Amino acid sequence: MTLTEMIARARDTLRTAITTRQAAQDQLMALRQDPNLTEDAVTARRQTRDDADAAVTRAEADLAELLAEQRREDEIAELAARTETTGARPPAYDQVARVGAEERTYRRDHDPRGAAFERDVSAMFVGDFAARDRLSRHMAEEQVERGQHIRAIGTGAFAGLTVPQYLTDMYAPAAAAGRPFADAIRRHDLPAQGMTVNISRITTSTDTDPQPSENAAVTEQDADDTLLTITVQTNAGQQTMSRQSIERGAGTEPVILDDLFRRYATRLDSALLNQAATGLSATATAVTYTSGAPATAELYPRVIEALSGVEAALLDQASGENIAVMHSRRWYWMQNAMGTSYPLITQPGVVAQTLGANYATAYGRGVRGILPNGTPVIVDNNIATNLGTGTDEDEIYLLDRNECHLWEDPNAPMYIRAEQAKAASLGVLLVVYGYFAYTHARYTHAHKVAGTGLVTPTFTGA
């Protein structure tokens, strides 16, 4: 295979690698819109995209190496033609080709400001191989014409000309509290139409009683219901991006969409916990824990009291899947507590006489551990930490997870990409939105531990 054929094959390989990489990026973006998205799926798809990136880099390097080899071969051939001498009589004047002075790649008389050079420098860094070839020819021309003036110097001599490189695949997204509570409770598909969800609740039951005597009237009590009306809400956010940032940037639009999706999840979860009148904090029955020197050993009885209230409210309607929901600062404070001779919460890999367990799972990955009575713990940092008279308290929620209901559009979150709306200012409008409804009041059963004993924790082992 000739060098020219090898270069052509290398160009085809590079084009294929670029196409594969773009397809992997498109699949990653599509996956991020999946309402059942999991972190493992995103990690796997991101790895596929990264492998495709690496393939592009390898193909690019192979092509550059072959092009450099081709240039060197051309230089050697030209040098050999100039220096070769033979005893043969030179051909007639009109029987040979004449080589004149070849024009420079960048000429001052054609481009006095060097705009073409600057464009090629920029284009080279986004994969324009034609620009890279022109710059390589320019460097070879400089070596030939001004080699004696070129010294070995480093990038420090060209602070304004050395283009910084940004590791776009390693960008650090803004941290988000996510939706641990929303993912732990009972989820339903939101009906396709309507802006309310209605549930009938039996508030006056029938009754029975022993018959006083034969043929005597038996007990009768008319059942009655109360309609529970739940509002369908819209969770939405927007961001306007300049066309320049999208068209001249590297992966800027996916970065913004990813952040909007994360904010969507966080705000929905926060509404379920903190929304006025209907949120979990507003509907839960309070169990007060008051203390000037809070200790886990004092707090735990209040937790059991709250769980007792959950069972009393549900009775035979309880699913048995009670959970405790708390802020991460409260979970770690409970782990720091020590009994008289052993810790109250175990740590991973430690076998000891303990009254609970920490599963050591990452934030937002489900159950973090269990309380001494076996109640699973969900850690959610959307729980407010500015409650109480001192605005420094949080709350612990105890509930049956199957009696907290969340209706979501199966396709949420969705997004709109509108170019015409901002066309006059060269803007692109990105809107993320979705519909949801929720209730914790089908049975008013949830309880919360609240009070001065839940101020900002100090980690003293108590």
(request) Inspect all residues belonging to the range 149-168 and state whether any of them is at pLDDT 65 or above, in a helix (DSSP H, G or I) and either within 30 Å of residue 78 (Cα to Cα) or acidic (Asp, Glu) (or both). (result) no
(request) Kindly provide the set of residues from the range 1-37 that are within 29 Å of the chain's Cα centre (by Cα) and among the hydrophobic types (A, V, I, L, M, F, W, C), ordered by number. (result) 17, 18, 23, 24, 28, 29, 30, 31, 37
(message) Take the residues in the range 14-54 that are outside any helix (DSSP H, G or I) and in contact (Cβ under 8 Å) with a residue 60 or more places away in the chain; name whichever of them is farthest from residue 170 (Cα to Cα).
(response) 35
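This table checks each residue for (1) of a type in the set (Gly, Ala, Ser); (2) out of contact with any helix residue (DSSP H, G or I) (no Cβ under 6 Å at 6 or more places or on another chain); (3) over 30 Å from residue 418 (Cα atoms); (4) crowded, with 16+ Cβ neighbours inside 10 Å.
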| position | (1), (2), (3), (4) |
| --- | --- |
| 259 | no, yes, no, yes |
| 262 | no, yes, no, yes |
| 269 | no, no, no, yes |
| 283 | no, yes, yes, yes |
| 295 | yes, yes, yes, no |
| 320 | yes, yes, yes, no |
(request) Could you tell me whether any residue of the range 432-441 is in contact with a Cys (Cβ under 8 Å, 6 or more places away or on another chain) and either closer than 21 Å to residue 326 by Cβ or surrounded by 22 or more Cβ atoms within 10 Å (Cβ to Cβ) (or both)? (result) yes
(message) Condition first: acidic (Asp, Glu), modelled with pLDDT of 95 or more, under 27 Å from residue 231 (Cβ atoms) and assigned to a loop (DSSP other than H, G, I, E, B). Can you find one or more residues in the range 375-386 that meet it?
(response) yes
(request) Among the numbered conditions (1) surrounded by fewer than 16 Cβ atoms within 10 Å (Cβ to Cβ); (2) at pLDDT 85 or above, tell me where residue 44 comes up short. (result) (2)
(message) Tell me whether the range 206-213 contains one or more residues that are within 30 Å of residue 407 (Cβ to Cβ) and either in the same structural domain as residue 406 (by TED's automatic domain parsing) or not in a strand (DSSP E or B) (or both).
(response) yes
(request) Can you confirm whether the range 416-432 contains a residue that is hydroxyl-bearing (Ser, Thr, Tyr) and outside any helix (DSSP H, G or I)? (result) no
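The values are calculated or read from the model by the stated rules, or taken from the named source; none is laboratory data. Because the structure is predicted, anything quoted here is derived from the model rather than measured. We place every Cβ from the backbone using ideal geometry, glycine too, and count neighbours over all the protein chains shown.
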